Amino acid sequence: MRFDRLVAVLLLLQRREQVTAAEVSRELDVSERTARRDLEALAMAGVPVYSVRGRGGGWRLVGGARTDLSGLTASEARALFLAVGPASGATPAMKAALRKLVHALPKPFQVEAEAAASSLVVDPQRWGASRIEPRPPRFLDELQDAVIRGVQVSLGYVDGKGVKTRRTVHPLGIVAKGPVWYLVSNTETGRRVFRIDRVSSADPTENPVQRPGDFDLAESWNEIAEEVDRKRTPLEVSAVCTPEGIDVLRMALGDRLDVGGPTTDGRVAVVIRGPNEYILAGELSGLVEWVEVTAPPGVRDRMASIGNALVERYGRPRTGGGLHSS
């Protein structure tokens, strides 16, 4: 926390010609004694800050010294440090630019900045899954550049069925979901999302993007993701679960599980989403110790069939050394 405060004090000094310990105290919600210690720590660390004694005095930066990070808050500065680390999905050019911003901090802060940059590793691979090293898709840099410059792109694309198309798109933003990168664009037929690893060519034009004035990439992506989830898991199953089984369901089903309130018998109401009755019945048959499906009837019927098949297969003693067809 002290490092954050020292950065905040430095940025406060940069915004104002002079500050007092009392002003720093109010701004950062610390005692005047702590504020004074922080100001003294900056001076002792080699930051060109000095105190002006007497009436109307305070603390100033020598010559109004500034850094290129003067517009950032302390938390934003820390976010920059994390952005240049191995957990970042930024391209090499972006990381290089961010490192230059980090090095614009006074030298005493650079050690902690570098520590923050190497303090986090993200391993997107799930346990038990084959290891695939994600690589940035081929045309990522070109499409990022088009988004930044606000120009239309002639896009070659191969969809999931192998159909090749070419169209002119208005790039609005780029999203990374796990190891997969997506381009959000406006097209003649409305807003569309393209997997960048399926882009076969990306030729920028000089025509400006027609960007909606109220467009927000994060909000747009949330809407897109919700629509995709609805299409992938259109079927909803109502069920009740024992309290001790809720964590099991969360691990097994992830965000396809919605947990409701308690029922009259002490169990918990849940809603589970899936692609179809067959797959959901198979998943939930392994969770019958905790879960009872109440609707729809088709899932209950399929689970009963699965149960009968399990009893038929495993409920009688084995008479031979292997499986025999009936």
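The values are calculated or read from the model by the stated rules, or taken from the named source; none is laboratory data. The shown structure was predicted, so the numbers you read here are calculated from the model rather than taken from an experiment. Positions of Cβ are generated from backbone atoms using ideal geometry, with glycine treated the same way; all protein chains shown enter the neighbour counts. In case anyone asks, the SASA skips ligands and DNA or RNA and just uses the protein heavy atoms, side chains included. Shrake-Rupley method; radii C 1.70, N 1.55, O 1.52, S 1.80 Å.
Tabulated values for the structure
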read-out	value
Odd one out for Arg167, checked against (1) part of a strand (DSSP E or B); (2) farther than 19 Å from Val228 by Cβ; (3) open to solvent by less than 70 Å² (accessible area, probe 1.4 Å)	(3)
So Leu172, is it farther than 17 Å from Leu217 by Cβ, open to solvent by less than 20 Å² (accessible area, probe 1.4 Å), of a type in the set (A, V, I, L, M) and part of a strand (DSSP E or B)	no
Among residues of the stretch 230-259, those that are under 30 Å from Ile174 (Cβ atoms), in a helix (DSSP H, G or I) and touching a residue at least 40 places away in the same chain (Cβ under 8 Å), counted	1
Condition met for Val169 (in contact with a Gly (Cβ under 9 Å, 6 or more places away or on another chain), under 13 Å from Ala146 (Cα atoms) and hydrophobic (A, V, I, L, M, F, W, C))	no
So Thr242, is it of a type in the set (S, T, N, Q), open to solvent by 40 Å² or more (accessible area, probe 1.4 Å) and farther than 25 Å from Glu227 by Cβ	no
Members of the stretch 213-258 that are of a type in the set (Val, Ile, Thr) and either over 21 Å from the mean Cα position of the chain (by Cα) or modelled with pLDDT of 95 or more (or both)	Thr233, Val237, Val240, Thr242, Ile246, Val248
From Gln210, Gln152, residue being loosely packed, with under 14 Cβ neighbours inside 10 Å and in contact with a strand residue (DSSP E or B) (Cβ under 6 Å, 6 or more places away or on another chain)	Gln210
Which listed residue is at pLDDT below 90, open to solvent by 80 Å² or more (accessible area, probe 1.4 Å) and under 23 Å from Ala225 (Cβ atoms), from Lys161, Lys177	Lys177
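Residue-by-condition table, conditions (1) free of Cβ contacts under 8 Å to residues at least 40 places away in the same chain; (2) not polar (S, T, N, Q):
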{"position": "Arg5", "(1), (2)": "no, yes"}
{"position": "Ala8", "(1), (2)": "no, yes"}
{"position": "Leu11", "(1), (2)": "no, yes"}
{"position": "Gln18", "(1), (2)": "no, no"}
{"position": "Ala22", "(1), (2)": "yes, yes"}
{"position": "Glu27", "(1), (2)": "yes, yes"}
{"position": "Val30", "(1), (2)": "yes, yes"}
{"position": "Glu40", "(1), (2)": "yes, yes"}
